[in-house]
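Structure first, commentary second.
The values are calculated or read from the model by the stated rules, or taken from the named source; none is laboratory data. Note that the structure is a prediction, hence the values are computed from the model and not measured. Every residue, glycine as well, gets a Cβ built from its backbone with ideal geometry; the counts of neighbours run over all protein chains shown. Calculation scope for accessible area: heavy atoms of the full protein, side chains included, ligands and nucleic acids excluded. Shrake-Rupley method; radii C 1.70, N 1.55, O 1.52, S 1.80 Å.
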Amino acid sequence: MMFCPRSLSGIKKLPVLEFSVLLVIVSALPSSAADKVRLAFSAVSPSQRVLWVAELGGLLTKNGISAEIVYTRAAIETLVAGEVDLAQMTGSLMSSARLQGADPVMIAGVQDTLDDRLVARPNIKSMEDLRGKRIGVFRFGAASHLRLIYVLPRYGLSDRDVTLLQVGDSPDRLIALSSGSIDATLISPPDHLEALRAGMKILLNLRDLNVAYQGSGLVTTQRVLVRKRDLVRRFLKSYVEAIHLVKTNPDISKKAFAKYRQTKDEKRIEDAYQALREIVKPKPYPSIEGFKTIIKDASERIPAAKTANPKDFIDVSLLEELDKSGFIDALYR
């Protein structure tokens, strides 16, 4: 693995709150026969691991792709700016850009329901106790922020009743929670188990709400789909094959998590594998109902959401090609 810093140019159309690229991983050696692609991912949560499995399992190379994979807190900004060809991110993150006039579309979905846990320090006994407290989010506009805004009103609260702090990814928020720098945060499985082991408590399991909500997925732009359709097709094929590995090859999946999270903790690795295996679908069609929820939630903040069609946020033409050809079904025979 090779690490090197990289700066990316600014974006005029969308506000950039934290536009720092944290690291770049060159995940496949250049080859004269391979097409180069740049891809960003926005979090180190287990739901992001389909991409990692595709890289570590050699599936990108197998399909003629030399991939440069970028971890950045500004995945949507880099995608819209054309600095990467694809990105792995949540539906809420890409929807905000789409509603502001950009052209991202999700071509495969990993997670289609809310399943985060709202974890808090032991002195927080109820949702009402969050009033006036500090809640950590990844960054403003990211999934942890938008999901929190969606959930709070269900319990008589709003973002004005709490203090929201930009803390960083799940590991950073867990550290802040344990140290008392924040009082609560939303954490995706299985990282909530780390919070429990540190003495924190679960205030709310969002899975109990049974809300359709498009989480992580593979996103590109309509521009890239026109110019590099065959490349995107082969990347999506690698992605679908990676899902098959998640379902059938625990060893590669666990190695991928250990590599990208830089951990040797077998319990944490096993928890992460089981969390991903539970949510991932062999045929990763994005959820129209999940996008409906996101768009409805955004309608109070973004006027364009009031008339938005959730089908415009999705392009499953390439996935349908793979599906109708029998390719996906053949993987599981």
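Worth a mention:
- Accessible area of the range 49-148 belonging to carbon and sulfur atoms, whole % at 1.4 Å probe: 49 percent
- Simple spin-label estimate for Leu196 and Lys133 gives 1.8 nm between the two label positions (7 Å along the Cα-to-Cβ direction from each Cα).
- Proximal charge balance of Ile269 [Cβ under 14 Å; K/R count +1, D/E count -1]: +2
- Antiparallel bridges, percent of DSSP beta bridges restricted to the chain (to nearest 5): 60 percent
- Selection among Gly326, Tyr239, Leu209 by position relative to the dipole of the range 198-333 gives Tyr239 as farthest towards the positive end (Cβ unit charges, Cα centre).
- Sequentially through the range 280-288, phi angles give Karplus couplings (6.51, -1.76, 1.60; θ = phi - 60°) of 6, 10, x, 10, x, 5, x, 8, 5 Hz, Gly and Pro residues having no value and appearing as x.
- Other residues with beta-carbon under 10 Å from the beta-carbon of Leu231 carry, at +1 per Lys or Arg and -1 per Asp or Glu, a net charge of +3.
- Given in Å, the Rg to one decimal and the Dmax to the nearest whole number for the Cα atoms of the chain are 19.1, 60.
- Surface composition of the range 223-332: carbon and sulfur atoms hold 49% of the protein heavy-atom accessible area at a 1.4 Å probe.
- Counting only alpha carbon atoms, the long axis of helix 229-248 and the longest principal axis of the chain meet at about 60°.
- The helix-only estimate of mean residue ellipticity at 222 nm for the chain, built from DSSP H runs of length n ≥ 4 each weighted as -39500 (n - 2.57), is -11000 deg cm²/dmol after division by the residue total.
- Here the Karplus curve 6.51 cos²θ - 1.76 cosθ + 1.60, taken at θ = phi - 60°, turns the phi angles of the range 306-312 into couplings of 5, 10, 6, 9, x, 5, 6 Hz, with x standing for Gly and Pro.
- Dipole magnitude for the chain: computed about the Cα centre from +1 point charges on Lys and Arg Cβ and -1 point charges on Asp and Glu Cβ, it is near 180 debye.
- Sequentially through the range 255-262, phi angles give Karplus couplings (6.51, -1.76, 1.60; θ = phi - 60°) of 5, 5, 5, 4, 5, 6, 8, 6 Hz, Gly and Pro residues having no value and appearing as x.
- Förster-model FRET efficiency, 35 Å R0, Arg229 and Glu289, C-beta, rounded to 0.05: 0.80
- When peptides 60-67, 72-79 are ranked by their average number of other Cβ atoms within 10 Å per residue, the highest-first order is 72-79, 60-67.
- Relative compactness, the range 210-308, computed as alpha-carbon Rg over 2.2 N^0.38 Å: 1.36
- Each peptide in 147-154, 185-192 receives the mean, over its residues, of other Cβ atoms within 10 Å, and ordering these scores from highest gives 185-192, 147-154.
- Highest-first arrangement of 205-216, 322-333, 228-239, where packing means the average Cβ count within 10 Å: 228-239, 205-216, 322-333
- Heavy-atom accessible area per residue - the range 59-180, 1.4 Å, Å²: 30 Å²
- Long-range amide H partners of Ile65 with built H, under 5 Å: Asp35
- Value of Rg to Rh for the range 68-212, rounded to two decimals, is 0.98; Kirkwood radius and Rg both from alpha-carbon coordinates.
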